[in-house]
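Please read the structure below before turning to the comments.
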């Protein structure tokens, strides 16, 4: 099976940088995705890493190291609206439509 | 604008009753999914469908049923066999495998 581990909560100050880590176990690797979910809302797709390295999308970046089975989401210039839960996710197999999600990290941005 | 519509947003049902949650998409996505979310549990897959008239069980399919008669629609029925149905239910779709899901706004089901 697959499993993903994330910290349950992280707190950071407005304007700062925060890193949300995700370690995973899988028999085959087919990409790591990140999703954001505000309280009571729908998850929205943030980023996807298929290969090692950093993917940047505005204030958000996502990093992957396949050799370490590890990835992280980096949020820069934090804003209050970034307070949300963040999930990492893995496809269940080659050509699989299914995603397995981590339990999520609740980010609280404080003034 | 394209997207996924889930209805209703809130649903209350008595224990022992079946209830059907609606999910409609106009994104022309082939694949659709139902996830259940409980506090601190993340998202768990109930059912998914890659094409019309075909669907597969996910990790927690017991007590649920689905149909996929049209590409745009993927309703979920929560049956009386589901032992703990109170949860937040999310429908999603994707254009390709394992990537870039679009989620609906969810249905919060409370069984009393």
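Structure values in brief
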| item | result |
| --- | --- |
| Residue in segment B:88-99 that is surrounded by fewer than 16 Cβ atoms within 10 Å (Cβ to Cβ) and over 23 Å from residue A:91 (Cα atoms) present | no |
| Residue in segment B:34-52 that is surrounded by 15 or more Cβ atoms within 10 Å (Cβ to Cβ), touching a strand residue (DSSP E or B) at 6+ places or on another chain (Cβ under 9 Å) and on the phi > 0 side of the Ramachandran plot present | yes |
| Of all residues in segment A:1-28 being in a loop (DSSP other than H, G, I, E, B), closer than 24 Å to residue A:68 by Cα and more than 11 Å from chain B (Cβ to nearest Cβ), the one that is modelled with the lowest pLDDT | A:28 |
| Failed criterion for residue B:62 (all others in (1) more than 18 Å from residue B:23 (Cβ to Cβ); (2) modelled with pLDDT under 95; (3) more than 10 Å from chain A (Cβ to nearest Cβ) hold) | (2) |
| Subset of segment B:34-58 (residues that are part of a loop (DSSP other than H, G, I, E, B), closer than 23 Å to residue B:95 by Cβ and within 12 Å of chain A (Cβ to nearest Cβ)) | B:58 |
| Check on residue A:96, without any contact (Cβ under 8 Å) to a residue 60 or more places away in the chain and closer than 20 Å to residue B:100 by Cα | no |
| Strands (runs of 3 or more DSSP E) wholly inside segment A:62-111 that include at least 2 residues being within 14 Å of chain B (Cβ to nearest Cβ) and at pLDDT 95 or above | A:84-91, A:105-110 |
| Filtered residues of segment B:13-33 (kept if assigned to a strand (DSSP E or B), within 10 Å of chain A (Cβ to nearest Cβ) and surrounded by fewer than 21 Cβ atoms within 10 Å (Cβ to Cβ)) | B:31 |
| Residue list for segment B:65-87, restricted to those being surrounded by 19 or more Cβ atoms within 10 Å (Cβ to Cβ) and either within 14 Å of chain A (Cβ to nearest Cβ) or assigned to a strand (DSSP E or B) (or both) | B:66, B:68, B:74, B:76, B:78, B:87 |
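The values are calculated or read from the model by the stated rules, or taken from the named source; none is laboratory data. What you see is a predicted model; the values in this text were computed from it and never measured. Please note: Cβ atoms are built from the backbone with ideal geometry, for glycine as well, and neighbour counts cover all protein chains shown.
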